[in-house]
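Working notes for the structure below.
The values are calculated or read from the model by the stated rules, or taken from the named source; none is laboratory data. Note that the structure is a prediction, hence the values are computed from the model and not measured. Virtual Cβ from ideal backbone geometry, glycine too; neighbours counted across all protein chains shown.
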Amino acid sequence: MENHSLGIRFCFPNNNLSCIREFRHETESVMLYTFIFLASVFTVFLNLLVIISISHFKKLHTPTNLLILSLAAADLIVGLIIIPLMGIRYIETCWYFGETFCYLFLFIVFTVVSASLGNLVFISVDRYIAVTDPLRYTVRVTTNKTIFFIIINWLCSIVYSVIILYDSLFYPKEKGGCFGDCTVSFKLKHVVTDLIVTLIFPSSVIMSLYVKIFCVAKHQAKVVITNTRISRSQRKAAKTLGIVVVVYFMCWIPYYMVILIEGDQSTESIEFNVTCWIVYMNSCMNPLIYALFYRWFRLSAKHILTLQIFQPSSQYFNLFPDYE
């Protein structure tokens, strides 16, 4: 009773170990919930368009598009699970979904992030082969090989998430803290490992590949014999997916900078929360990039939204009426 008179609120008033709940004005809460709802719906809707397009239309069943499909699946999970739950936790400043689901949720977050990055690495490799060795591309990169590497990517992401969250998943009682909290604390070695595995190493690989891609593409543009519809299409695909990669790292680099500068206190800062939401919003940016640069995506989205995909043989619709 004394705590209530002092204006102190708890996540679970009947629990002596409850975390303290921060007070938010009703107007602020309504605005934040509206933003979270729109961000979640927007992200899910756009990535569903990508997933349905590539899954339904036969002409989109290419190795590159399968990698885009895998990336869209990861972004869909962000919009469907991560954005709503992180939004509720941020607004209420409490975790109301139980300790077990907290660890499962953290596991999902790390798995999805790792899988997204792995997809970008494989997309870079795919574009590198397509541009530097176009004559043997269909032999070196097949649908079965791509599916195999997508499965390997998700399995490796799961294993990495278990390793990085090992102490929190298997020794939760040693974490301490109050009841109603859902955070994970890392030792310095874990932070450094995560920084190398999920930022420095993959970004070095991706950037080096794209530098080579654009050098080769620039050289090809000067050679008339290679300046065909196919080579132009491959270069355009490399450029578009390169933008996806650049946007991804632009969203993630501020987050890692805050983590490194603020250390253990970062989860309490405004900077940390802002950079986190920039990362989450990256999941709805990729479909927008496809819409701007890929005519096939705009046409497939039109067929989906007008329900033409329910017509007989709609999976064989021509999404490439003109050259790209």
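Assorted remarks:
- Test: residue in segment 156-176 that is surrounded by 17 or more Cβ atoms within 10 Å (Cβ to Cβ), modelled with pLDDT under 85 and of a type in the set (Val, Ile, Thr): yes
- Residue count for segment 33-65, restricted to those that are in contact with a Leu (Cβ under 9 Å, 6 or more places away or on another chain) and either under 19 Å from PHE148 (Cβ atoms) or aliphatic (A, V, I, L, M) (or both): 10
- Residue in segment 309-319 that is surrounded by fewer than 12 Cβ atoms within 10 Å (Cβ to Cβ), at pLDDT below 75 and outside any helix (DSSP H, G or I) present: no
- In segment 292-304, residue surrounded by the most Cβ atoms within 10 Å (Cβ to Cβ) [restricted to those that are touching a residue at least 40 places away in the same chain (Cβ under 8 Å) and hydrophobic (A, V, I, L, M, F, W, C)]: PHE297
Yes/no per residue for (1) outside any strand (DSSP E or B); (2) surrounded by 11 or more Cβ atoms within 10 Å (Cβ to Cβ); (3) modelled with pLDDT of 80 or more; (4) in contact with a strand residue (DSSP E or B) (Cβ under 6 Å, 6 or more places away or on another chain):
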residue: GLY7; (1), (2), (3), (4): yes, no, no, no
residue: PHE12; (1), (2), (3), (4): yes, yes, yes, yes
residue: ASN15; (1), (2), (3), (4): yes, yes, no, yes
residue: ARG24; (1), (2), (3), (4): yes, yes, yes, no
residue: LEU32; (1), (2), (3), (4): yes, yes, yes, no
residue: PHE35; (1), (2), (3), (4): yes, yes, yes, no
residue: SER40; (1), (2), (3), (4): yes, yes, yes, no
residue: ASN47; (1), (2), (3), (4): yes, yes, yes, no
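- SER204 vs. criteria surrounded by 15 or more Cβ atoms within 10 Å (Cβ to Cβ), of a type in the set (S, T, N, Q), at pLDDT 80 or above and in a helix (DSSP H, G or I): no
- When residues of segment 124-144 are limited to those that are touching a residue at least 60 places away in the same chain (Cβ under 8 Å) and hydrophobic (A, V, I, L, M, F, W, C), the one nearest to PHE179 (Cα to Cα): VAL125
- Helices (runs of 4 or more DSSP H) contained entirely in segment 70-146, each with at least 3 residues that are within 30 Å of ARG24 (Cα to Cα): 83-92, 99-132
- Answer residue from segment 87-123, given it is under 23 Å from LEU71 (Cα atoms), among the hydrophobic types (A, V, I, L, M, F, W, C) and free of Cβ contacts under 8 Å to residues at least 60 places away in the same chain and is surrounded by the fewest Cβ atoms within 10 Å (Cβ to Cβ) among those: LEU104
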